[in-house]
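Q: Let me begin by handing over the structure; questions about it come next.
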Amino acid sequence: MIKVLRAITRWKKNEEPVRGKLRYKRTLAAMLAAVVVFSVAAATPSQGAVPALDTIRVGLFMDVPGKYTLNTATATVTAAAPIQVGLRQPSGVIPLFQSSAAETIRFTLDDYKPKVLESSEFKAALSAAKRVKALGGTALLTSVFKNNGTVYQVLEGSYGTAAEAKAAGDKWQKDATIASLGGQTEITGPLHYEAGSFKTQAEALAAAKSFGNTGVDAFAAVKSTGGAEASYTVIVGAAAEPAGLNAIKSQAEQADNGLPLIAADAAATYMVLRGDHTLTETPDSAQILYSVPQSESKLWLSTTAASGLKLTERYSRSYRGQIELSGVNKKLTVINELPFEQYLYAVVGAEMPASWPAEALKSQAVAARTYALYQGFKFQIAHVVDTTLSQVYGGIGSEKPTTVAAVDATKGEIIMYNGKPIEAVFSSSAGGQAADAVEIWGSEVGYLKTVASPDESSEKGLKRWHRAVLANGTAGYIREDLLEDSGQKNAAGKPQMRVKSDSVQVRPAPQVEEKVSPLATLSKGTLVTVIETVTESNQMSWIRGPYTSDALLALMKGKTSTAVSGPVQTLEVTQKGPSGRPTELKANGQKVEVKTPDSLRGVFGSLPSTLFTIDQTARLTIVGAGEKVSQRPADSGKLMAAGSGQTSELGANMYIMSGDGTVRAATKEPTFRFVGHGYGHGVGLSQYGALGLAGSGYDYKYILKYYYKDVTIEKE
């Protein structure tokens, strides 16, 4: 039964709405007019040279402490045309070898790896490799010639030290399946001996077999000492420590090939060639796994294929330009280097739908170009990375004719402020009001100020969702097409709707979330009471929650400078910035300590933006008999309702109606809903705002000057 309190209650939401639509439209019109005046009368000439960049280095995988970490144990590269692999040096690229067209070539770092299993039985090795993969490891199923036959080795991962590799190996051996297959814990490492010099790979392979017949690991390898050509040699052993390498030498010297063993030259570049069955999963079809040295050597991969170089480990994306492989900070590092303007083709396509108006795409192109230039060599070995930490770069697959045209039409143009490129930050949607930098990152930036933003186009075509109250008092959201008007109203005069089919799910928020369980499942004909109708959560408007006190504490754990003591009874906005975004929150009266206001998004479970209000469902001001005022949840006593000569205690869910007929869902115990607008930090260019302005006939320069205050658009 739904109990409605009227007259005896007063209520208010924790925050006022962000803005009414009429006010929003008036504000936008005024701001647009201001920009027109500025663009005509206030533009100033550049006070400095316009910078340019010929090529850009994009970090795909790398480990730069304090800046960026994304690791991979392997790099698998293919191309429609042959791939040239060379050694990159300041003087140029020294050729090492060339693949066949469409051949898959794979690389891993010559580092420490646990040998999980070694067996002459391919089936056992394959089972062990699959098991390691199922347990979350990176398994390499390789082969080597030993004792007059082929043996299969399962190596795992990529580790910077022998101790790290051993700890990983011990973990795999604790698995019953791997142990039953004959698993072991032996650590391979980057310590080697070298024997001989050969002109062909076949000669090196034959010599490696002769060493292998003594029972040691021996491989053909490509070697370069910096000269004009590379040669082949034999690498004997893959030891993790010197004592192990010495033992290998004593055994390998029993080979009858007459080749002396010498310590591997620290100044040379070796690429060990292992038979690789990881992808083929068959004993008779091996690829080659090349080991990238841990030294400062840089392998340089290039192709003439118009479709570029495809990197399997990065979502099988294909890239223009070249790929550089090296070992930096004991991790395999993968960099894509390509012409700067061609990089932008893919950024614009990844950051903004290619179907959007040309002027919106041009504004994105200029912002992306400026942003990348502003970064400099931010990541030490790369200018940018390919994620939102810089700007999204999806390779050739993100390019479209319209994004290429937008970049070409604005070639060399960047945004300047006081003679320097700006940090042209942008986000998906400002939610109707762009943020001021100070309320996001805590510092003033002259060209990053708040401005009204026409972002509502993200709601176009989306379904509406009804917030409905069930017979048991539970409130949740049901999509509009799953309900129909029943023609009935409840005792409070609110409309009742009928469920149209069976198995209709009631959601906690107006969207389908695979990882969030529905509140209830309703059968056809069920009546529900509708108290609110909203648009499906999107980049412009969204709802998250409701969260119980325990759920909120779990979200906040470890994300604040000072732990919040629970249970959470109140959570309120205590300070706002120029755009209305919360810059300070208090939980139970205690400030939620974060590094910057934008960090509040992450504290509460990755909220889409910081432009939100908080609906504290248990927070009520109740005026009872004799005008006695009670504040909840501070007053945790029983809440009673009196009427028709009867008095009863209210249950977990309550519904409170204001004088104008608006119904608010309340609860006995505290829960918290975040009702917000926008997607991203909201500073600078709003992509949906650019769409709105372009749709109204404004060009890209106008759009950029609207979102970045007092700037000029200049060209090299």
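The values are calculated or read from the model by the stated rules, or taken from the named source; none is laboratory data. Because the structure is predicted, anything quoted here is derived from the model rather than measured. Don't worry about glycine lacking a Cβ; one is built from the backbone with ideal geometry, like all the others, and counts go over all protein chains shown.
Q: Could you count how many residues in the stretch 150-208 are part of a helix (DSSP H, G or I) and of a type in the set (D, E, K, R)?
A: Number satisfying all stated conditions: 5.
Q: Only residues that are among the hydroxyl-bearing types (S, T, Y), assigned by TED's automatic domain parsing to the domain that holds G137 and in a loop (DSSP other than H, G, I, E, B): list them for the stretch 68-117, please.
A: The answer is S91, S99, S100, T104.
Q: Out of the residues in the stretch 473-503 meeting the condition of being assigned to a loop (DSSP other than H, G, I, E, B) and in contact (Cβ under 8 Å) with a residue 24 or more places away in the chain, tell me which one is farthest from A434 (Cα to Cα).
A: Once the filter is applied, the top-ranked residue is A491.
Q: Does S458 count as within 30 Å of E324 (Cβ to Cβ) and either part of a loop (DSSP other than H, G, I, E, B) or not assigned by TED's automatic domain parsing to the domain that holds P495 (or both)?
A: Here the answer is no, as S458 does not meet what is asked.
Q: Among the residues of the stretch 397-417, is any within 30 Å of K524 (Cα to Cα) and either within 29 Å of the chain's Cα centre (by Cα) or not hydroxyl-bearing (S, T, Y) (or both)? Can you show your working first?
A: Of all residues in the stretch 397-417, those within 30 Å of K524 (Cα to Cα) come to none.
So far as the stretch 397-417 goes, no, none of its residues is within 30 Å of K524 (Cα to Cα) and either within 29 Å of the chain's Cα centre (by Cα) or not hydroxyl-bearing (S, T, Y) (or both).
Q: How many of the residues in the stretch 404-418 are surrounded by fewer than 17 Cβ atoms within 10 Å (Cβ to Cβ) and among the charged types (D, E, K, R)?
A: 2
Q: Would you point out the residue of the stretch 288-346, among those that are closer than 20 Å to A266 by Cβ and among the small types (G, A, S), that is surrounded by the fewest Cβ atoms within 10 Å (Cβ to Cβ)?
A: S295
Q: Something else: If you check every pair at least six apart or on different chains, which have Cβ atoms under 6 Å apart with a residue in the stretch 420-445 that is in contact (Cβ under 8 Å) with a residue 40 or more places away in the chain first and a residue that is among the charged types (D, E, K, R) and part of a helix (DSSP H, G or I) second?
A: Qualifying pairs under 6 Å: I440/D598.
Q: With respect to E281, determine if the residue is charged (D, E, K, R) and not assigned by TED's automatic domain parsing to the domain that holds Q84.
A: On the way: charged (D, E, K, R): yes; not assigned by TED's automatic domain parsing to the domain that holds Q84: no.
Taking the combined requirement at face value, the residue does not satisfy it.
Q: What tally of residues in the stretch 139-161 results from selecting those that are within 33 Å of the chain's Cα centre (by Cα) and surrounded by 19 or more Cβ atoms within 10 Å (Cβ to Cβ)?
A: 10
Q: Let me ask another. With the structure loaded, tell me whether A220 is of a type outside the set (S, T, Y), in a helix (DSSP H, G or I) and at pLDDT 90 or above or whether it fails that test.
A: Details: of a type outside the set (S, T, Y): yes; in a helix (DSSP H, G or I): no; at pLDDT 90 or above: yes.
No, not satisfied.
Q: When you scan the stretch 697-712, do you find a residue that is in a strand (DSSP E or B) and at pLDDT 95 or above, even just one?
A: Yes, there is a match, as at least one residue in the stretch 697-712 is in a strand (DSSP E or B) and at pLDDT 95 or above.
Q: Which residue pairs have Cβ atoms under 7 Å apart, sit 6 or more places apart or on different chains, and have a first residue in the stretch 577-598 that is farther than 16 Å from S561 by Cα and a second that is charged (D, E, K, R)?
A: Every condition considered, the pairs that remain are G577/D436; G577/E439; P578/D436; P578/E439; S579/D436; S579/E439; R581/E439; P582/K576.
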